[in-house]
Amino acid sequence: KGFSVAKSRLRQGGIEGVDDVVRTLALGVLQASRPRPLFVACESPDVASFALACGAEVITSRAHGLNEAVAHAYRRLSGQFEHLLIAHGDIRDPRGLGDYHPRDGVTVITDARRSGTNVLALPTDLDFTFHFGHESAAAHQREAQRLGIDVHMDYESPWRFDVDEPRDLSA
């Protein structure tokens, strides 16, 4: 999504300067993900410009929604890398993402509510179907199990805190 339409719950909650909040969060995730190669999957020209200015490569698609965009990027990068770390751009404190070494198999780092997926680490040779959205953590766990891949659920990561609701900004 473009910065001007992202985080509708923050906008509906009366938070001012949401565009700046979203940019600041995304910048933090990109900076914390170094020294890893950085890729941003998006369809928005303003997000693409932002990502390029931050030193990331942009993967654009005509996808309809996050899951299609991530699947497109996953397929595109599978020939270049053995594993990918997919991190959402709204993690409140993303420090250490660039140094993180997940276990073998699929690792699902949930949100604080233990229902969403904030970070997903997985090998690139899978026929993995992404399920970001409502109850994505359990859906990603079931997907790894369907494929017969070891899955590790992390409910206590410092990356479990994301910003979706106005209360997330004050926590």
List pairs: first in region 39-61 and more than 14 Å from residue 2 (Cα to Cα), second of a type in the set (S, T, N, Q), Cβ under 8 Å, 6+ apart or cross-chain? 54/31
The conditions are (1) free of Cβ contacts under 8 Å to residues at least 40 places away in the same chain; (2) under 19 Å from residue 7 (Cβ atoms), and residue 99 fails exactly one of them. Which is it? (2)
Residues (out of contact with any strand residue (DSSP E or B) (no Cβ under 6 Å at 6 or more places or on another chain), closer than 28 Å to residue 10 by Cα and surrounded by 13 or more Cβ atoms within 10 Å (Cβ to Cβ)) located in region 136-157: 138, 139
Within region 1-46, take every residue that is touching a Pro at 6+ places or on another chain (Cβ under 8 Å) and of a type in the set (Gly, Ala, Ser) and give me the one that is modelled with the lowest pLDDT. 2
If I filter region 148-170 down to residues being part of a loop (DSSP other than H, G, I, E, B) and free of Cβ contacts under 8 Å to residues at least 24 places away in the same chain, which single residue comes out as farthest from residue 96 (Cα to Cα)? 148
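The values are calculated or read from the model by the stated rules, or taken from the named source; none is laboratory data. Quick caveat: nothing in here was measured; it's all calculated off a predicted structure. As a convention, Cβ positions derive from the backbone with ideal geometry for all residues, glycine included, and neighbour counts pool all protein chains shown.
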